[in-house]
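Right, one structure below, let's go through it.
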Amino acid sequence: MNDSHYCPHTPEEIQEMLSAIGVASVEELFSPIPSELRAKTFNLPPGLSEFETFDKMKSIASDNGGGMSAFVGGGFYDHIIPAAVDHLSGRAEFYTAYTPYQPECSQGTLQALFEYQTAICRLTGMGVSNASLYDGGTACAEAAMMALRITGRNKIIVDGCVNPFSRQVLKTYLYNLDVEVIEIAPLDGLLNREELAGMLDESVAAVLVQNPNFFGCVDDFTALAQQVHALDALLIASVYPISLGLLATPGEMGVDITVGDGQSLGNPLSFGGPSFGFIAAKKAHIRNMPGRIIGETVDKQGRRGFVLTLQAREQHIKRHKATSNICSNQGLCALRGLIFLSAIGRQGLVDMARMNRDKAEYAKAQLVSIPGVTALQSAATFNEFTIFLPKPADGVVAELLRKDIIAGVPLGQYYQGSENCLVVTVTEKRSRKEIDLLVKELEVAVCN
Amino acid sequence: MAEMYFTKEHEWVKVTGTTGKVGISEHAAHELGDITFVELPKIGKTVKQFDVLAAIESVKAASDIFAPLSGKVLAVNDELDTTPETVNESAEEKAWMVELEISDSAELKNLMTQDQYNEFLKTL
Amino acid sequence: MQLIYEQSVNGRRGVKLPVSDVPSAAELPENLLRRESAALPEVSELDLVRHFTNLSRRNYSLDTNFYPLGSCTMKYNAKVLENAAALFAPFHPMTALLPGGVEFCQGSLGMLYDLGQMLADITGMDEVTTQPLAGAHGEMTGILLIAAYHAARGNKAKKKYVVVPDSSHGTNPASASIAGYEIITVPTASYGDMDIELFKKAMNDEVAAVMMTCPNTLGLFNPHIKEISDIAHSHDALMYYDGANLNAIMGKVKPGDVGFDVIHVNLHKTFGTPHGGGGPGAGPVGVKKELIPFLPQPRIVMNDDGQFLLEDQKAASIGRTANFFGNFSVMAKAYAYIIMLGRDGLIRVSEQAVLNANYIKERLKAYYDLPYDMTCMHECVFSASKQLEHGVHAIDVAKFLIDKGYHPPTVYFPLIVKEAIMIEPTETESKATLDAFIDVMIEAAMTAETNPQLLHDAPVTTPVGRLDETKAAREQNVCCIG
């Protein structure tokens, strides 16, 4: 046998083990596999040293465009990550453990996730949170399925202002079920309430909205929640956690199930993942929640401890009747979210949210001073906003990419007739200088 | 005195006239361990004999409770919502779960009497 | 330990934010603002660091303890993988989805493409999507692909069932159910695999798929696997491979060669990426060429010039299963792992994983009941039935192991073995570690006879003893409302 990484036995040890087993060779252990089924080819390249491996990875990473100034969101946001987040979540006791099935030797993970659930509840104003889902889109899908279970109905209405990727994930999840998904086209970047009113009846399980929505618009769904509840249906809202430093919470609006993507809470962009999805609900719905939930309890001596609880909802016990098929979640990313929120702290999140909005408002004012550029005026915005360009946004974005500026998301691909619309995101990380450069280069691009 | 009948799935029904109260046997409650939740049906629901009527959870298990007889749900024992431990403490008395309006008492022939059930338990 | 909220002091600040370099914006209308700031922790950075460092010390982990958790493949997570993944932290996924954006993402897209190719070779599939975010997510994706395949052939209404053996992971029936199928469960025969006669009876033309884990959750390779897939295919049912146990067979047998049509792999198991205390994992899905049209979008393709592009908006596709390209940094770790170990390294991984499991099985079978006594693959399943004669359950053995510094094996799974103890040592453990573990397992068996109370009382060395799970489930204190 060749030497290999991370396989520690010496040839002598292998011999001793084979003798203890009573076989002559390692190959003999594979005798249960019928010989005609054995692999005929295996074409992977030969192995590398650790040094060569890292070198190769560096070369791959350098094939990406680096050092770009990002004014783009679409569900993932370039926020500050305090150094403590990497260091603490990088403790091997956290990242090399697994699901805390044995609570006595997993109190670190369990208490941290209980603190995470608490943070999500306090942030969103909801009564109960689980210990994380995969991402924002799958969280929307899980929330919809939860609403179907709770109401026993089979229709979901989705506001077209919800992130288009999340809407696609939702549709994929429900693709083979007997469920009707109706999308309502946006009206001036907002939920078309009149059209919704015409569709709301007692066959609807839930309405899914997003705040701020894909256009960046901030809305108040308090009246909508009342309207939906009058029909015994549920309101699901997808939210951007950083915005909750400032914006009214789903809990305050009367939302039943709140979801979102937790990437902005201490998780790097990493080309799209991992982040985590969060889901929180009114406490009455706890038994219909998907995924792991951590609960507080005591041991025989009365010492406080934490355990996985309400496991009878889950796939490893209830199999095909489980509330969800989820097993592995995104626990480490949720831990990063908790450490982020703890490091930034109560007032820090308010300040950070405010800074995002201040920078976005500054950028918006500068951009609309460009001749021919106007902003969508229908609603207030947080750190993203939609502008109208005098020409198609696709070409403008492509041109700015070549100047190392990611100018935003052109809407034409997602909404018919919006070819000239661009959604611009400004986080606290973008300096005034970067914003001014964006404005300058965008002006050049639209005036050409 | 109401007559008590049992299913092979360890449900019992106490029949009084045209109605019957349903629960699970002491044997089943013991096997399940500490009960943490009883999911009760909506009043007015109709079920066929041996269809799923309710569900019960312990820390590490979830089980369906099947209707011993066909009928309509007249009442449910709401107290189990807050005190599921009653099932462990008094499975065959206080922890009745559902009261059914029996639609076909001829179905009783598919159930076991207390003596038959005791014999059945010995075979498990 | 105190909760972090219990250490908060009103007005204390943690990490300092930059000072804003733009003017303050006008306030939003009041109805759009939250009434009170969220009661998040208010601690200093040092308090924060101590809190989470001390919390971490209350965990057993792979880097501190042997962790033979069956079915989870808790192998060593090489440190270089962390460094490699960190290289990709700054790249925004939207870039690739913008007009002209793929040009700036050739490294990331190319890596995903190459990883897909390598996984296709390992599993004998034709194409792999890296989008699914975990094993169960891969299962659901795979079953939706199968649903789309049947629908495209006009059989959507006809195909109603998914067949699983009773030894399957709970995620298999749960994923199939979420994807819209009813479940048929086939019992395990005395030879430790799905009963082939009962399987034949269960099969009919309304079955959409058969989901198998091979080797199965008893750690046994099913010698009838080809026959099973032939039977399934004769009913136009597709074969789904749960890749949880792929660590046993790399380079030895390819699921695609024995008739499987769809497979998911768990990168956090077989390919050495860390489990993160419960995730993130990654569950890429491989398919045979008939299923390629249905793969999730956007799909990464390579053009004739070797440039990587995104194919989107294909009508036949099941659509998106995640917002972007999957758990990218997990993929970067798995990619680094595969190129580092290479062909021979991966073969050796499977050989030593199987060697280690058989060694434990042989050395412990005199002390614990072995319900299926035959050559196992990467894991072995005992029963604590002998110990039960002394009133000692599998859970008591597990808690005793904790006191001895070992993370327990998986207990009470698979469900078909009473008092199951499922041990998966993985290839990265040394003989000395295995011998020490075996000694402690023997000690547990002896203690069960001589002093069962000691096992009932365990663990006593941990910050808390056995916890009242009934109280937790009844009271449902799942967050601390400030």
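The table for this structure:
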{"item": "Total formal charge among the other residues, if their Cβ is under 14 angstrom from that of residue A:369, Lys/Arg +1 and Asp/Glu -1", "result": "-1"}
{"item": "Rounded FRET efficiency, nearest 0.05, which uses the C-beta distance separating residue C:443 from residue C:89 and R0 of 41 Å", "result": "0.35"}
{"item": "Shielding by other protein chains, C:59-70, mean Cβ within 10 Å", "result": "6"}
{"item": "Between 0 and 90°, nearest 10: helix A:331-367 axis offset from chain A longest Cα axis", "result": "20 degrees"}
{"item": "Sparse-neighbourhood loop sites, trypsin sites (Lys or Arg not before Pro) in the range A:276-331 - DSSP loop, at most 14 other Cβ within 10 angstrom", "result": "A:300, A:303"}
{"item": "Of all DSSP beta bridges in the protein assembly as shown, antiparallel share, percent nearest 5", "result": "70 percent"}
{"item": "Estimated FRET transfer efficiency when R0 is 25 angstrom, pair residue B:3-residue B:85 (beta carbons, to 0.05)", "result": "0.35"}
{"item": "Partner chain coverage, peptide C:433-442 - average Cβ within 10 angstrom", "result": "1"}
{"item": "Long pairs among C:201/C:254; C:365/C:431; A:321/B:48, criterion Cα-Cα beyond 22 Å", "result": "C:201/C:254"}
{"item": "Farthest positive-ward along the protein assembly as shown dipole, Cα basis, beta-carbon charges - from A:311, A:191, A:339", "result": "A:191"}
{"item": "Dipole moment magnitude, nearest 20 debye, the range A:279-330 about Cα centre, only Lys, Arg, Asp, Glu C-beta charged", "result": "160 debye"}
{"item": "Other protein chain Cβ atoms within 10 Å, averaged over every residue that makes up C:130-137", "result": "6"}
{"item": "Where labels lie 7 Å past Cα in the beta-carbon direction, separation of residue A:50 and residue A:20 in nm", "result": "2.7 nm"}
{"item": "Local electrostatic count, residue B:88, Cβ distance below 10 Å [Lys/Arg +1, Asp/Glu -1]", "result": "-4"}
{"item": "Set of lysines near residue C:314 by C-alpha distance (under 20 Å), chain-local residues within fewer than 8 positions excluded", "result": "A:171, C:156, C:288, C:289"}
{"item": "Furthest towards positive pole of dipole, A:146, A:168, A:131, structure part the range A:57-183, Cβ charges", "result": "A:146"}
{"item": "With at most 15 other Cβ atoms within 10 Å, longest stretch of chain C clear of loop GluC sites (Glu not before Pro) (DSSP)", "result": "C:37-388"}
{"item": "Gap separating the Cα centres of the range A:132-178 and the range B:66-124, nearest whole Å", "result": "38 Å"}
{"item": "Percent RCO, i.e. relative contact order, over the range A:255-384, from Cα pairs under 8 Å lying at least 6 residues apart", "result": "21 percent"}
{"item": "Percent RCO, i.e. relative contact order, over the range B:3-122, from Cα pairs under 8 Å lying at least 6 residues apart", "result": "32 percent"}
{"item": "Efficiency of FRET between residue B:74 and residue A:149 - r from beta-carbon atoms, R0 25 angstrom, step 0.05", "result": "0.45"}
{"item": "Longest DSSP-loop-exposure-free segment, GluC sites (Glu not before Pro), chain B, at most 16 other Cβ within 10 Å", "result": "B:10-84"}
{"item": "Helix A:136-151 axis, angle to chain A major axis (alpha carbon atoms, nearest 10°)", "result": "90 degrees"}
{"item": "Folded to 0 to 90 degrees: helix A:11-21 orientation relative to chain A principal axis, Cα", "result": "80 degrees"}
{"item": "Of A:155/B:72; B:60/C:159; A:364/A:440; A:283/B:72; A:56/C:75, those spanning more than 21 Å from alpha-carbon to alpha-carbon", "result": "A:155/B:72; B:60/C:159; A:283/B:72; A:56/C:75"}
{"item": "Test item: Cα-centred dipole of the protein assembly as shown, Lys/Arg +1 and Asp/Glu -1 on Cβ, debye", "result": "1300 debye"}
{"item": "DSSP-assigned coil residues among chymotrypsin sites (Phe, Trp or Tyr not before Pro) in the range C:178-215, each with at most 16 further Cβ atoms within 10 Å", "result": "C:191"}
{"item": "Euclidean distance between Cα centres, the range B:7-54 to the range A:359-406, Å", "result": "63 Å"}
{"item": "Separation of alpha-carbon centers, the range A:250-299 and the range C:119-187, rounded to whole Å", "result": "26 Å"}
{"item": "Contact order relative to length of chain A, as percent, for alpha carbon pairs under 8 angstrom and 6 or more apart", "result": "20 percent"}
{"item": "Simple Cβ-charge dipole of the range C:4-56, Lys/Arg +1 and Asp/Glu -1, about Cα centre, in debye nearest 20", "result": "120 debye"}
{"item": "Bridge type composition, the range A:107-220 - antiparallel percent by DSSP, nearest 5", "result": "10 percent"}
{"item": "Cβ-based charge dipole, chain C, positive-most Cα from C:37, C:372, C:213", "result": "C:37"}
{"item": "Mean Kyte hydropathy of -1.0 or more with a Cα span along the axis of at least 24 Å, helices from DSSP in chain C", "result": "C:106-123, C:135-152, C:328-364, C:431-450"}
{"item": "Under 14 Å from the Cα of residue A:300 - aspartates and glutamates, other chains or at least 8 residues apart", "result": "A:104, C:457, C:468, C:469"}
{"item": "Equivalent ellipsoid dimensions for the protein assembly as shown as semi-axes, Å, which come from the Cα gyration tensor, largest first", "result": "45, 36, 29"}
{"item": "Net +/- balance of residues flanking residue A:134 in space, Cβ distance below 11 Å, scoring K and R +1, D and E -1", "result": "-3"}
{"item": "Potential extension, residue B:43-residue B:113 segment - 0.36 nm per residue separation minus Cα distance", "result": "22.5 nm"}
{"item": "Debye intensity ratio in log₁₀ form over the Cα atoms of chain C, taken at each q of 0.06, 0.11, 0.14 Å⁻¹", "result": "-0.33, -1.03, -1.38"}
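Where a number appears in this text, it was derived from the coordinates with a stated rule and is not lab data. On a predicted model such as this, the values are computed, not experimentally measured, just so you know. All Cβ positions, even for glycine, are placed from backbone atoms using ideal geometry, and neighbour counts span all protein chains on display.
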